[in-house]
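The values are calculated or read from the model by the stated rules, or taken from the named source; none is laboratory data. As the structure is a prediction and not an experimental result, all values here were calculated from the model. Because the Cβ atoms are built from the backbone with ideal geometry, glycine has one as well, and the counts that use them run over all protein chains shown. Note: accessible area is taken over every heavy atom of the protein model, side chains too, but ligands, DNA and RNA are not part of it. Shrake-Rupley method; radii C 1.70, N 1.55, O 1.52, S 1.80 Å.
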Amino acid sequence: MDDFPKCSVCQQQLTLKGPAPYLLPCLHAVCETCVTSAAGGVISCSTCQREVNLTDTSLQKDAVRQKEIFHLTVKHRPTELLCTHEDDGNQAACWCPECEELLCEYCQNMHNSFKATRRHVVETIVDTAPGGMHAEPVCKLHKRYPLEYFDKSCNILICTKCRAGDHAEHDVEDLDVASDAAQGQIEQHGKNVTAHHTSHQAYLKSINKAVNDTKKTSSAVKETIHHTFHSLRTQLDQREKELIIDLDNQTKQKLANLHTEQVTSEGESERCKWTSDYIKTVLRYASNSDFLTLESSIQETAQTHLRSVPPELHHSPAAVFNMRGLEKLKSDISKFGSVVGDGSASDEHTLRDRGTQTDDIHLPDPENTLKHLKLPDASKDPTPLPQFDAGTNTYSLETEIGTTLTLQCPKLQLDAARANADRCHVTTAGQLVNSRPATQHRHSGRLRKYWGTCASTPIPLPLTPSTVTPVPHTPRYWETHSRVGVVSGGWWYPVLEVGVVEESQVDSERCVCYQRRSWCVCVWSCGTHRGSLCTSVWQQGEGGKCYSNTMSDTPGTQATLHYGVVLDVGRGRLAFIDLNREVVLAKVDVEWSESLLPMFGVGRSDRYTVNMKVISGADITMTDTKKSLIYDALN
C-alpha cells in the first residue's frame, strides 16, 4: 500500500477515486484539492521545499501518475475497479481497448455475443501491461480524430484535420518520430541524473567513512592526550619526590653540621665558665704572692679561650626553593600540544611549534574529495620527529640523508630478585637505591659480589647455539636517570655505573668496571681531579678518558645524571652517551661470544646516595639532539 504516490503538500495518498494528481515544476505530485485551496495562490513542496506561484505557473494534470495509480490499483486494490458498461457496481474483470470500457463478467459475455463487438480483443485486467488500459487521446476540436502528429511550433499534438487547417505551415512531424526523439532525450536525462545520484552516493559514503575515521582518531588522540598528561603528572610527582629528598638530605646535613658546632660551642662555653669561676675565686681569696704565681697560667688559659671567639650571631639561612624557569615552564605547558584541524592560520602556527613535541597525531583525510579534514603539509615541517611503534617497541628515525633507521627500545626491567641485598635494593617503583632493603632476603639466586643488579632479560647475539634463526641486527637503546647526593665523598670510590657484561662474568667483581668481558660508563672519584666527580668509560677493567666536573664532591651536593647506552649486537658496536653534556663518551667495537646482560651498579651508601631509574620503551623522549647523538654513536 505504500507504493501509491503521495501529494507533496498534504502527504495524502493519491488514489484512483481521489483528487486528480497535478505535476509541479519540480516533478513532484500535488493533488487537485491542494491546488484549488492553495493559500495566496502559492504551493510549497514539502519534499524539496520549492515554492510555486500558481498565478505565474499553470499546472497540468500528471497523466503518467494517473496511469501509475491505475496500475497500482489493479495490482493492490482490484476491488475498486468497477464495471463502466452498465454501472451496475460489479467488479470489473477485463478491459476493451476499442470500447474503452471496463467490463464485468456478465457484461463481457454480453459484449462477446453482440455482432458489433464480438471481434474486439478484450484484455484481462491482471494481464494488462502498465498503461495499457488507456486509449490513445483524440483531438478536442475534431472529435474522434486521433492525435497523429506533433506540431513543434505550437508544441502540441494535432490530428490530420488540424495539420491540413491552421497548422499547415508549421513544423510538423509524425507522433511516433517525435515521441521516439523525446523518449531518447528523457532516457539521456535519466542517465545523467542517475550518474549524478551515484556520484552523490559515493560522496556520502566517503563522508560516512570520514565520520567514522574522525571518531576513531578522536578516541585515539584523546587516549594519547590522557596518557601524555598522565606521564607529565607522573614526572612532576617524581620531581616533587626528588626535591623532597634533596631537601631532607640537605636538612639532615645542615642539622648535623649545626649539631657539631653546637657541641663544640657548648664545650668551649663550659670551659670558659670554669676559667671565669676560678678567676673569681682567685680574686676573692688569693694573696699577693698567689697573684704573682698564677698570673701567667691564667693569662695563657684566657688567651686560649679568646682565640676561639664565636661570631656574635650564627646566621643559619633557611632552605630556599629555587623557582627559576617556573614562568617559562607554565608558558610551555600552556602552549604544549596541538590538535590540527582544517588548516587555518592558528593550525599553521601550531604546526610551526611541533619541534617541542615528541609525537603528532592528525585527523585523517581518507578521501581526496573531503576538504574539511586536511593533513599537515610536509613542506612546512621537513624534519618530522621520530615515531614510536608500541607494537614492536621501535622508533623510526629519519636520517639526514633521507634514509630511515629503526631503533629498538625494549622495555627493560631491573631484576629485583637478583639485587645484592647487602648493598642495594629495587623499590616497588622499579628504582635502584644503594641501601639495604627493609626486609632481608635469602641470598639464593642473588648477586653476591656485584654491588647492584642486572636486567631481567639477557640480550642474545645474532646467532648463538641456542638460536635457530639470526636475531635481527636492530640497534638497541636505553637510558638511566640517577639522582646522586654526596654524603662524605672520598677518593677512588665508584658512585654508579651503567653497562653490559657477558653472562658468565656477571658476578665476578663488585664493579663492572673491574670485570673481564665488560663495558660500562662509570661515575667515580678518580683521585686526580680533586673536588669533583668524573665520568669515564671502562673496557674490560681498563679506564678511558676522564670527563671531570660531572658534579661537585662537596658533601651536601645533589645532581641528576643522565646516560644513554647504544648497543648494536649485529655490528658489534657499543656506545655510551652523556645526555647532560650531550656528547658521545666512547664508541667501542667488540666481538662478543656470549649473550649480554645490561648491568646497573651503585656505590657505598656512607659516601653517596644513589637513586637510579631505567628509562626504556615508550618512556624515552626522542629529541632531535638525542637522535643526532645516536646517529654519531652508530657511525
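Just a few scattered comments:
- Descending by average beta-carbon neighbour count within 10 Å, the peptides 23-33, 495-505, 8-18 line up as 495-505, 23-33, 8-18, the highest first.
- C-alpha center-to-center spacing [the range 553-572, the range 199-246] in angstrom: 32 Å
- Accessible-area ranking of Trp451, Trp492, largest first, probe 1.4 Å: Trp492, Trp451
- Straight Cα distances below 19 angstrom link Lys252 to the aspartates and glutamates Glu240, Glu242, Glu261, Asp553, Asp606, with same-chain residues fewer than 8 positions distant left out.
- Fraction of accessible area attributable to carbon and sulfur, the chain (%, probe 1.4 Å): 52 percent
- Charge-dipole axis of the chain as Lys and Arg at +1 and Asp and Glu at -1 on Cβ define it, positive-most pick from Leu103, Leu82, Ser219: Ser219
- In the structure shown, the pairs Lys115/Lys161; Lys545/Lys627; Lys216/Lys411; Lys6/Lys152; Lys241/Lys330; Lys17/Lys61 are assessed against 26 Å; a Cα-Cα span above that value is assigned to Lys115/Lys161; Lys216/Lys411; Lys6/Lys152.
- Degrees separating the helix 175-285 axis from the principal Cα axis of the chain, which is the longest one: 20 degrees
- Counting only lysines at least 8 places from Lys215 when in the same chain, those with an alpha carbon closer than 24 Å to its own are Lys205, Lys371, Lys374.
- Efficiency of FRET from Cβ geometry, Leu54 and Lys209, R₀ 41 Å, rounded to 0.05: 0.40
- Among residues other than Tyr608 with Cβ under 11 Å from its Cβ, the summed charge is +1 (Lys and Arg +1, Asp and Glu -1).
- Theoretical gain in end-to-end length, Gln201 to Arg144 [0.36 nm per residue, Cα-Cα removed]: 15.6 nm
- The phi-based Karplus calculation (6.51 cos²θ - 1.76 cosθ + 1.60; θ = phi - 60°) puts the 3J(HN,Hα) values of the range 32-44 at 5, 4, 5, 5, 6, 10, 4, 6, x, x, 10, 10, 10 Hz, whole numbers, x for Gly and Pro.
- Solvent exposure of Glu240, expressed as accessible area, is near 110 Å², computed with a probe of 1.4 Å over the protein chains only.
- In this structure the amide hydrogen of Ser532, modeled in the peptide plane, comes within under 5 Å of the amide hydrogens of Asp553, none closer than 5 places in sequence on its chain.
- Correct choice for percent of Cα pairs over 34 Å apart that was computed from the model, options (1) 57; (2) 51; (3) 69: (3)
- Average accessible area per residue (Å²) across the chain - probe 1.4 Å, nucleic acids and ligands excluded: 61 Å²
- Qualifying trypsin sites (Lys or Arg not before Pro) for the range 553-635 [loop in DSSP, other Cβ within 10 Å: at most 16]: Arg571, Arg581, Arg604
- Only DSSP H runs of four or more residues enter the estimate; each adds -39500 (n - 2.57), and after division by the residues of the chain the mean residue ellipticity at 222 nm equals -10500 deg cm²/dmol.
- HN-Hα J in Hz across the range 506-521 - Karplus 6.51, -1.76, 1.60, θ = phi - 60°, x for Gly and Pro: 4, 10, 8, 9, 6, 9, 5, 4, 9, 7, 6, 6, 9, 8, 7, 9
- For the range 542-556, the Karplus equation 6.51 cos²θ - 1.76 cosθ + 1.60, evaluated at θ = phi - 60°, returns couplings of 10, x, x, 4, 9, 9, 7, 6, 5, 6, 5, 9, 6, x, x Hz by residue, with Gly and Pro reported as x.
- Amide H within-cut-off set for Thr557, under 5 Å, with H built and near neighbours excluded: Val486
- Across the range 1-134, the relative contact order, built from alpha-carbon pairs under 8 Å that are at least six residues apart, equals 17 percent.
- Backbone amide hydrogens, once placed in the peptide plane, bring Glu398 within less than 5 Å of Leu405, excluding anything fewer than 5 places away on its chain.
- Contour minus Cα-Cα distance for Asp248 and Thr234 (0.36 nm per residue): 3.0 nm
- Computed over the chain: relative contact order in percent, which uses C-alpha pairs under 8 Å that are six or more apart: 8 percent
- Nearest 10 degrees, 0 to 90: helix 288-306 Cα axis against the chain principal axis: 30 degrees
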